Amino acid sequence: MANHTLPNLSWLAPNGCDDAHDCSIGTFDTWLKTVIGPLLASSYFQPGGDGLLIITFDEDDKGGSPSCTTTTVGQGCGGQVETVLISPLSKLAYKSTAGDPANFNSTYDEASILRTIADALGLKTSGLGAAASRVPMADFF
């Protein structure tokens with residue numbers, strides 16, 4: 001970051017403790033402050049920068065509503081997963097209204113994230129499986 005030479009795409013994945021899966025939320029918070037804090041303070045995330053940080057917190061346990069016992073898994077059942085997009089190009093404090101958890105076809109999912117990344121990098125989407133048919137999460141920008 002000091003040399004302003006970050007690659008076009010970086011993938012940061014905390015270990016099982018730092019992601020709050022096996023340890024406390026405080027451990028996750030410390031990881032965010034230590035690793036993500038300096039990134040957000042960099043010129044990539046300041047006015048005029050073009051950084052995009054996508055944070056997805058843990059995984060859905062399929063325990064929400066509607067129930068996965070009455071709805072096909074992957075078709076809108078279960079709870080929601082928290083995903084945050086951070087960029088100097090995004091709308092301030094924006095919360096997307098796209099989709100309805102009961103209607104899988106209009107709800108953002110991991111394929112939507114992949115499609116957003118592919119579009120941002122100018123990549124062809126034909127080989128990206130489900131992401132090829134998803135719309136990018138453009139409403140955030």
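Key figures for this structure:
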quantity	calculated
Every pair of residues 6+ apart whose Cβ atoms lie under 6 Å, when the first sits in the range 83-101 and is over 14 Å from Gln46 (Cα atoms) and modelled with pLDDT under 85 while the second is assigned to a strand (DSSP E or B) and of a type in the set (D, E, K, R)	none
Qualifying residue in the range 32-41 (condition: in contact (Cβ under 8 Å) with a residue 12 or more places away in the chain, touching a helix residue (DSSP H, G or I) at 6+ places or on another chain (Cβ under 6 Å) and not aliphatic (A, V, I, L, M))	no
Cβ-Cβ under 6 Å pairs, at least 6 apart or on other chains, the range 1-21 side farther than 21 Å from Leu52 by Cα, far side of a type in the set (Asp, Glu)	Gly16/Asp22
Among residues of the range 115-141, those that are under 18 Å from Trp11 (Cα atoms), outside any helix (DSSP H, G or I) and touching a residue at least 12 places away in the same chain (Cβ under 8 Å), counted	1
In the range 102-119, the residues that are at pLDDT below 90, surrounded by 15 or more Cβ atoms within 10 Å (Cβ to Cβ) and among the small types (Gly, Ala, Ser)	Ala111, Ser112
Pick from the range 17-59, criterion small (Gly, Ala, Ser) and surrounded by 10 or more Cβ atoms within 10 Å (Cβ to Cβ), ranking: farthest from Ala118 (Cα to Cα)	Ser24
Single residue of the range 9-62 satisfying the filter (among the hydroxyl-bearing types (Ser, Thr, Tyr) and modelled with pLDDT of 90 or more) that is farthest from Phe141 (Cα to Cα)	Thr27
Test: Ala20 is closer than 18 Å to Val84 by Cα, in contact with a helix residue (DSSP H, G or I) (Cβ under 7 Å, 6 or more places away or on another chain), part of a loop (DSSP other than H, G, I, E, B) and of a type in the set (A, V, I, L, M, F, W, C)	yes
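The values are calculated or read from the model by the stated rules, or taken from the named source; none is laboratory data. These numbers were taken from a predicted model, which means no experiment stands behind them. Positions of Cβ are backbone-derived with ideal geometry, glycine not excepted, and every protein chain shown enters the neighbour counts.
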